Amino acid sequence: MAELYSPQQPQVPCLFIFGDSLVDNGNNNGILTLARANYGPYGIDFPEGATGRFTNGRTYVDILAQLLGFPAYIPPYARTRGRALLRGTNYASGAAGIRDETGNNLGDHMSMNQQVESYVRTVQELSRYFRGDLNALGTYLSKCIFYSGMGSNDYLNNYFMNDFYSTSSQFTPKSFAAALLQDYSKQLTDLYKWGARKVVVTGVGQIGCIPYELARYNGNGSRCNEEIDNAIILFNTGLKKLVDRFNKGQLPGAKFVYLDSYESSKDLVLNAKTYGFEVVDKGCCGVGKNNGQITCLPLQTPCDDRNKYLFWDAFHPTEVANILLAKKSYSSNSKSYAYPINIHQLAML
């Protein structure tokens, strides 16, 4: 996959990343949490080995950074200070959600609110390099891409975990989606207030079909847990409408792109053979039914041929799945992947 690297200048000056374990690249390594991946066989196909990425190789945003022409991966915020922040940084944290309590069942993490606070500190730090000229800093940030992938854990490690959380008795799926979108809208608006203008937000994937849920579900003949998937569709539909509102003048000068990871993950399953996948319902590494009851354990031996698996573990896609998802959202002209434009078009604006 080296052909993704290109010698030219990056298409945008910086890339800032917010999210959960799908895009975390080491922020959770030093904190007290079960949501960590800084041990083998995680990173088995990554040149630096186990870095804290929750997959066998590169994450979605690693590949996105390559497609955008960055000479190196965007580093985790936990290890980035000073001038290096001018190229962007990754605030994502495994187990994080839109809601602060989400993921507490797994231990410590940086919620979306905390990630936004870290970004605000970053902007304050960056103003030094613009000699306090906030207009110049604003112009610089307005060219950067901001990626935010949130919401999965608000369902996985909150709403549908009723032995630990009471949200499912306080909210219907519809009112929960509305509450999440209200919080998320404020968080994204805060990023806008602090300079974000080109923003990519991703919907929640088909969580009812991941090995973790398949291992727990004895459904009515359908392959996936439809109760979970139906709840997620409510959130995704609302998020797409939010993107429309932001683009139609609610946040002047901003351009938001919505990635439909629900449809794109469904496509990988429906057309598995075309993409070379032979196993779409089990993790390559894990324990129990569907390799999904317990996630990949330290020093466990994973499957031999990672390219034939859609899922690396109970929750996360393999590198090859991440490559497909990143390329589609970057260059596909189909609105079912990236709406209203793709990420390459966003970068060129």
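The values are calculated or read from the model by the stated rules, or taken from the named source; none is laboratory data. What you are looking at is a predicted structure, and each value in this text was computed from that prediction instead of being measured. Don't worry about glycine lacking a Cβ; one is built from the backbone with ideal geometry, like all the others, and counts go over all protein chains shown. Each accessible area value is taken on the protein alone, full model and side chains, heavy atoms only, with ligands, DNA and RNA left out. Shrake-Rupley method; radii C 1.70, N 1.55, O 1.52, S 1.80 Å.
Which residues, counting only those in region 111-126, are open to solvent by less than 60 Å² (accessible area, probe 1.4 Å) and either modelled with pLDDT under 95 or over 22 Å from residue 21 (Cα atoms) (or both)? Scanning region 111-126 gives 123, 125, 126.
Return the residues of region 234-277 that are among the hydrophobic types (A, V, I, L, M, F, W, C) and within 30 Å of residue 193 (Cβ to Cβ); say none if nothing qualifies.
To start, the set of residues in region 234-277 that are among the hydrophobic types (A, V, I, L, M, F, W, C) comprises 234-235, 239, 242-243, 246, 251, 254, 256-257, 259, 268-270, 272, 277.
Within region 234-277, 234, 235, 239, 242, 243, 246, 251, 254, 256, 257, 259 meet the criteria.
Taking interchain pairs and intrachain pairs at least six residues apart, which have beta carbon atoms under 9 angstrom, with the first residue in region 8-23 and within 15 Å of residue 118 (Cα to Cα) and outside any loop (DSSP other than H, G, I, E, B) and the second open to solvent by 10 Å² or more (accessible area, probe 1.4 Å) and basic (Lys, Arg)? Pairs that qualify, where the first residue is within 15 Å of residue 118 (Cα to Cα) and outside any loop (DSSP other than H, G, I, E, B) and the partner is open to solvent by 10 Å² or more (accessible area, probe 1.4 Å) and basic (Lys, Arg), are 15/87.
Residues that are more than 23 Å from residue 234 (Cβ to Cβ) and within 19 Å of the chain's Cα centre (by Cα): which helices (runs of 4 or more DSSP H) entirely in region 113-214 hold 1 or more of them? So that I can check it myself, show each step before the final result.
On the way: elements: 134-142, 167-170, 173-193.
Output list reads 173-193.
To keep it simple, each residue is scored yes or no on (1) open to solvent by less than 20 Å² (accessible area, probe 1.4 Å); (2) in a helix (DSSP H, G or I); (3) in contact with a strand residue (DSSP E or B) (Cβ under 6 Å, 6 or more places away or on another chain).
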residue: 228; (1), (2), (3): yes, yes, no
residue: 231; (1), (2), (3): yes, yes, no
residue: 236; (1), (2), (3): yes, yes, no
residue: 242; (1), (2), (3): yes, yes, no
residue: 246; (1), (2), (3): yes, yes, yes
residue: 274; (1), (2), (3): no, yes, no
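Of all residues in region 320-338, which are among the small types (Gly, Ala, Ser), open to solvent by less than 40 Å² (accessible area, probe 1.4 Å) and in contact (Cβ under 8 Å) with a residue 60 or more places away in the chain? If you could, list the steps in order and put the result at the bottom.
The initial filter retains those residues of region 320-338 that are among the small types (Gly, Ala, Ser), namely 321, 326, 329, 331-332, 334, 336, 338.
Filter once more, keeping what is open to solvent by less than 40 Å² (accessible area, probe 1.4 Å): 321, 326, 329, 332, 338.
Hits for region 320-338 are 326, 329, 338.
Could you tell me which residue of region 286-312 is farthest from residue 256 (Cα to Cα), considering only residues that are crowded, with 23+ Cβ neighbours inside 10 Å and modelled with pLDDT of 95 or more?
Of region 286-312, the ones crowded, with 23+ Cβ neighbours inside 10 Å are 286, 291-292, 295-296, 309-312.
Remaining after also requiring modelled with pLDDT of 95 or more: 309-312.
On the way: 309: 32, 310: 28, 311: 29, 312: 30 Å.
If we take residues in region 286-312 being crowded, with 23+ Cβ neighbours inside 10 Å and modelled with pLDDT of 95 or more, then 309 is farthest from residue 256 (Cα to Cα).
Only residues that are out of contact with any helix residue (DSSP H, G or I) (no Cβ under 6 Å at 6 or more places or on another chain) and either open to solvent by less than 10 Å² (accessible area, probe 1.4 Å) or not in a helix (DSSP H, G or I) (or both) were counted across region 69-83, and they come to 8. Here residue 30 meets the list (1) closer than 18 Å to residue 96 by Cβ; (2) surrounded by fewer than 23 Cβ atoms within 10 Å (Cβ to Cβ); (3) touching a strand residue (DSSP E or B) at 6+ places or on another chain (Cβ under 7 Å) almost entirely, failing just condition (3). For first residues located in region 88-114 and farther than 18 Å from residue 316 by Cα and free of Cβ contacts under 8 Å to residues at least 40 places away in the same chain, partners that are open to solvent by less than 40 Å² (accessible area, probe 1.4 Å) and of a type in the set (Ser, Thr, Tyr) and lie 6+ apart or on another chain with Cβ distances below 8 Å form the pairs 100/111; 111/93; 111/102; 114/93.
Going by the structure shown, is residue 282 open to solvent by 40 Å² or more (accessible area, probe 1.4 Å) and either more than 24 Å from residue 34 (Cβ to Cβ) or among the hydroxyl-bearing types (Ser, Thr, Tyr) (or both)?
no
Each row is one residue, and each column tells you yes or no for (1) open to solvent by less than 50 Å² (accessible area, probe 1.4 Å); (2) closer than 24 Å to residue 342 by Cβ; (3) at pLDDT 95 or above.
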position	(1), (2), (3)
152	yes, yes, yes
168	yes, no, yes
182	no, no, yes
192	yes, yes, yes
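Suppose we filter 287, 279 for residues that are under 24 Å from residue 326 (Cα atoms) and not polar (S, T, N, Q); which single one remains?
Exactly one residue qualifies, and that residue is 279.
How many residues are of a type in the set (Gly, Ala, Ser) and either modelled with pLDDT of 95 or more or in contact with a strand residue (DSSP E or B) (Cβ under 9 Å, 6 or more places away or on another chain) (or both) when one looks only at region 202-214? Full working, then the answer.
If we filter region 202-214 for residues that are of a type in the set (Gly, Ala, Ser), which is where we start, we get 203, 205, 208.
Now drop any that are not either modelled with pLDDT of 95 or more or in contact with a strand residue (DSSP E or B) (Cβ under 9 Å, 6 or more places away or on another chain) (or both), which leaves 203, 205.
The number of residues fulfilling the criteria is 2.
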